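The values are calculated or read from the model by the stated rules, or taken from the named source; none is laboratory data. Just so you know, these numbers come straight off a predicted model, no measurement behind them. Methodologically, a virtual Cβ is constructed for each residue, glycine included, from the backbone with ideal geometry; neighbour enumeration extends over all protein chains shown.
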């Protein structure tokens, strides 16, 4: 079939209908829509050869980044910033433990089990170790969980994207001969990465809070104009770009910007006495609705394009390595959840079991993998296929996780002693 303009427009329309149907199907069955979208991409790419996604990897990475920005901003709009601060330590601790243990485990597995060179192993581990907020956030939205538990997992997901970006950035700097090298001591590398982590997130937090206060002052004067939601999206992109330009964690800044807007636009917010005008009832919800639908559109196209990049012969070769990496994920995640009990109090065994199964990889994993391939391609030709297999396997685990979530709803409320310790 020749992909003419008419056929292309029909294909786009069909993909949008498919994305909507799979999203509805996912909400009823708990089967991740990502699996269906990836499968659709495989049919359109390797099977029918209607799409040759290998010609535009930069476009795919750009689409993935925009989808991440929209998803994190929409997630921030749903956060109660004042209440989220109470779960901040638990979410941050869980994110650091999970990423650190998974990174170490995957790197060790790649070096000793797959006989990969050291730098390639570290880059693969850095990209695969972070969980994807683009999968976790929509999944959590569909699960009936305690607010504190859900907030902790949302915060962890937002940190996960930033940790992955920082980890890959530090290693690419080492690979390209930055101020430090692989011959530097492990303590020096770890200390440098930790200092960079703190700096990036603090800087992002400051930029997002300031931008949120400024935009809330402007919104009442533009909210009655046509296309004002598009204007807000423009500001989101500006916040992302400015934060990235000055060295902050741009993805985290987007989420905090959304949370700041949600808190300041709350009708019960006390900031009105300081001269802050609050939007009319329902206007704030329009921001969330617009950006959620836009995120749905971009995210759907990304996963279809990612599926179109896959080659069957490569997928067969990466099946066993991906299963081994999945085993590393589960062990590292279980240990991370146990270690996080130091600060993550008030959780039951079933809730911890649920958290241990929620390890999906998605947008951020694919975006980082494409970035690694572009900057350090030697010996990593198989990485996109391995990433696809890992994304597929970890998303399958969402189904048993959702079953455990239903069991949580069916059981009685946790004991008072557990709740009081939270």
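Structure notes:
One line per residue, one yes/no per condition, for (1) farther than 16 Å from residue 394 by Cα; (2) surrounded by fewer than 16 Cβ atoms within 10 Å (Cβ to Cβ); (3) at pLDDT 85 or above:
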| site | (1), (2), (3) |
| --- | --- |
| 281 | yes, yes, no |
| 289 | yes, yes, no |
| 292 | yes, no, no |
| 295 | yes, no, no |
| 305 | yes, no, no |
| 317 | yes, yes, no |
| 329 | no, no, yes |
| 346 | yes, no, no |
| 350 | yes, yes, no |
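- Residue 96 meets each of the listed conditions (1) surrounded by fewer than 24 Cβ atoms within 10 Å (Cβ to Cβ); (2) closer than 14 Å to residue 72 by Cβ apart from (2).
- Residue check, residue 104 out of contact with any helix residue (DSSP H, G or I) (no Cβ under 7 Å at 6 or more places or on another chain), outside any helix (DSSP H, G or I) and over 19 Å from residue 375 (Cα atoms): no
- The single residue among 13, 41, 62, 76 that is assigned to a helix (DSSP H, G or I) and at pLDDT 85 or above turns out to be 13.
- Residue 144 vs. criteria part of a loop (DSSP other than H, G, I, E, B) and surrounded by fewer than 24 Cβ atoms within 10 Å (Cβ to Cβ): yes
- Scanning segment 372-396 for residues that are over 16 Å from residue 314 (Cβ atoms) and surrounded by fewer than 19 Cβ atoms within 10 Å (Cβ to Cβ) yields 374, 375, 376, 378, 396.
- Test: residue in segment 22-38 that is assigned to a helix (DSSP H, G or I), modelled with pLDDT of 85 or more and out of contact with any strand residue (DSSP E or B) (no Cβ under 9 Å at 6 or more places or on another chain): no
- Meets criteria (under 22 Å from residue 371 (Cβ atoms) and crowded, with 24+ Cβ neighbours inside 10 Å) for residue 158: yes
- Matching residues, segment 216-247, being over 17 Å from residue 70 (Cα atoms) and in contact (Cβ under 8 Å) with a residue 12 or more places away in the chain: 216, 217, 219, 220, 223, 246, 247
- Residue check for residue 85: at pLDDT below 85, surrounded by fewer than 21 Cβ atoms within 10 Å (Cβ to Cβ) and in a helix (DSSP H, G or I): yes
- Residue within segment 118-141 that is surrounded by fewer than 17 Cβ atoms within 10 Å (Cβ to Cβ), under 19 Å from the mean Cα position of the chain (by Cα) and either within 24 Å of residue 247 (Cβ to Cβ) or at pLDDT below 85 (or both) present: yes
- Check on residue 68, assigned to a helix (DSSP H, G or I), closer than 19 Å to residue 379 by Cβ and in contact with a helix residue (DSSP H, G or I) (Cβ under 8 Å, 6 or more places away or on another chain): no
- For segment 206-217, taking the residues that are closer than 17 Å to residue 234 by Cβ and surrounded by 14 or more Cβ atoms within 10 Å (Cβ to Cβ), the one that is nearest to the chain's Cα centre (by Cα) is identified as 208.
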